[in-house]
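First up is the structure itself, then whatever we jot down about it.
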Amino acid sequence: MALIELKNVWKGFGNQEVLRGINLTIQEEETVIILGGSGQGKSTILRLILRLDEPDEGEILVNNLNITSLKEEELVPVRKWMGMVFQESSLFDSLTVYDNIAYRMREEGKLSEEEIFEKTKHLLQMVDLKEEDAFKVPSELSGGMKRRVAIARGMAGDHRIMLYDEPTAGLDPITASHITEFIIRLRDMEEVTSIIVTQDLISSFQMVTHCAHKTSTGIQVKPSSDHTCTKKTRLVILKDGQILAEGDWQKLLNSTDPYVQEFLSSLKILASH
């Protein structure tokens, strides 16, 4: 079932056309990784799906609902289906980790404070944060911890859709790998539909070659020999505001397009090892 559809979407800012006739369909429980250089319109796609921006032309459907011309108050229930992890985490500076994660649940008013406590505790465990971390404010956290809190906050409302804007940007390789593992866990254990905007080919390679499994000691993320749980993971490459190529990682590695070949050159090196 198609959960998100962009139909012939155009978007410009001033005299610059950022997106030119984008057609993209994301199926339920699918993970789509949008790759491309700076200024290619990757983050603009996320903003359009959230309807933080409006397209100049075309239609955007979320769960078969055309959100293109909805009014702000009509967008509220649609946005409740989505969790967003911004590039800079965008945590509330004056709130503790606990209150940052609990914020949306309190706003929605569906859960008791006891239920919010249990849910927040579960989310902290899911992103490998300790209970004592719940009482820290963002200024006391490392960049990787902030990103983990942002992921936990994004998942706080049981969202069907998760949107990530450069989730590993600015992080050291080990922390970036840990953040990627959390995204893989959500894909394989929670069956969340995800759109990930990134320039990080190492993280992308990890997502298309690793799977999360339940073991006697917890959930482990390991390379998969048959790639069974990465079949719903698709790569999309943007260039000049258009989709240049899309498909699974093997299809893109075999592409004869010169730009795709150059862009994925480091991915080829990883795949050969």
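In the stretch 13-37, the residues that are under 27 Å from residue 180 (Cβ atoms) and touching a residue at least 24 places away in the same chain (Cβ under 8 Å) reach residues that are open to solvent by 60 Å² or more (accessible area, probe 1.4 Å) and among the basic types (Lys, Arg) with C-beta atoms within less than 7 angstrom, at least six apart or across chains, in these pairs: 29/232; 30/232; 31/232; 36/239. Test residue 160 against the stated conditions and say whether it is surrounded by fewer than 21 Cβ atoms within 10 Å (Cβ to Cβ), touching an Asp or Glu at 6+ places or on another chain (Cβ under 9 Å) and charged (D, E, K, R). The answer is yes for residue 160. The helices (runs of 4 or more DSSP H) found wholly in the stretch 167-273 and carrying at least 1 residues that are at pLDDT 85 or above occupy 173-185, 201-209, 249-253, 258-263. Just so you know, in the stretch 221-248 the residues that are closer than 15 Å to residue 189 by Cα and in contact with an Asp or Glu (Cβ under 6 Å, 6 or more places away or on another chain) include one that is surrounded by the fewest Cβ atoms within 10 Å (Cβ to Cβ), and it is 229. Comparison of 150, 212, 169 shows that the only residue that is under 28 Å from residue 107 (Cβ atoms) and in contact with a Leu (Cβ under 9 Å, 6 or more places away or on another chain) is 150.
Check whether at least one residue in the stretch 203-220 is in contact with a His (Cβ under 9 Å, 6 or more places away or on another chain), farther than 21 Å from residue 249 by Cα, of a type in the set (S, T, N, Q) and surrounded by fewer than 23 Cβ atoms within 10 Å (Cβ to Cβ), and report yes or no. Reasoning before the result, please.
Step one: list which residues in the stretch 203-220 are in contact with a His (Cβ under 9 Å, 6 or more places away or on another chain), which gives 208-209, 211, 219-220.
Right, trim to farther than 21 Å from residue 249 by Cα and you get 219-220.
Then keep just the ones that are of a type in the set (S, T, N, Q); that gives 220.
Okay, now just the ones that are also surrounded by fewer than 23 Cβ atoms within 10 Å (Cβ to Cβ), so 220.
Yes, that holds for at least one residue.
Here residue 146 meets each of (1) assigned to a loop (DSSP other than H, G, I, E, B); (2) open to solvent by 60 Å² or more (accessible area, probe 1.4 Å) with one exception, condition (1). The number of residues in the stretch 110-143 being assigned to a helix (DSSP H, G or I) and out of contact with any Gly (no Cβ under 9 Å at 6 or more places or on another chain) comes to 22. Of the residues in the stretch 81-91, at least one is among the hydroxyl-bearing types (Ser, Thr, Tyr) and open to solvent by less than 70 Å² (accessible area, probe 1.4 Å). Inspection of the stretch 39-52 finds a residue satisfying the criterion of being in contact (Cβ under 8 Å) with a residue 24 or more places away in the chain, over 23 Å from residue 235 (Cβ atoms), crowded, with 17+ Cβ neighbours inside 10 Å and touching a strand residue (DSSP E or B) at 6+ places or on another chain (Cβ under 8 Å). Scanning the stretch 9-38 for residues that are open to solvent by 10 Å² or more (accessible area, probe 1.4 Å) and of a type in the set (A, V, I, L, M, F, W, C) yields a count of 3.
Residues that are part of a helix (DSSP H, G or I) and farther than 17 Å from residue 190 by Cβ within the stretch 93-103 comprise 97, 98, 99, 100, 102, 103, listed in sequence order. The residues of the stretch 92-102 that are open to solvent by less than 90 Å² (accessible area, probe 1.4 Å) and within 26 Å of residue 196 (Cα to Cα), listed by number, are 92, 97, 98, 99, 100, 101, 102. Quick check, is residue 155 touching a residue at least 60 places away in the same chain (Cβ under 8 Å) and crowded, with 19+ Cβ neighbours inside 10 Å? Judged against the criteria, residue 155 is a match. For the stretch 103-112, does any single residue satisfy the condition of being within 13 Å of residue 156 (Cβ to Cβ), touching a Leu at 6+ places or on another chain (Cβ under 8 Å), surrounded by 15 or more Cβ atoms within 10 Å (Cβ to Cβ) and not hydrophobic (A, V, I, L, M, F, W, C)? Yes - at least one qualifying residue is present in the stretch 103-112.
The values are calculated or read from the model by the stated rules, or taken from the named source; none is laboratory data. All values reported here derive from a predicted model rather than from experimental measurement. Cβ: placed from backbone, ideal geometry, glycine included. Neighbour counts: every protein chain shown. Heavy atoms of the whole protein, side chains included, go into the accessibility calculation; ligands, DNA and RNA do not. Shrake-Rupley method; radii C 1.70, N 1.55, O 1.52, S 1.80 Å.
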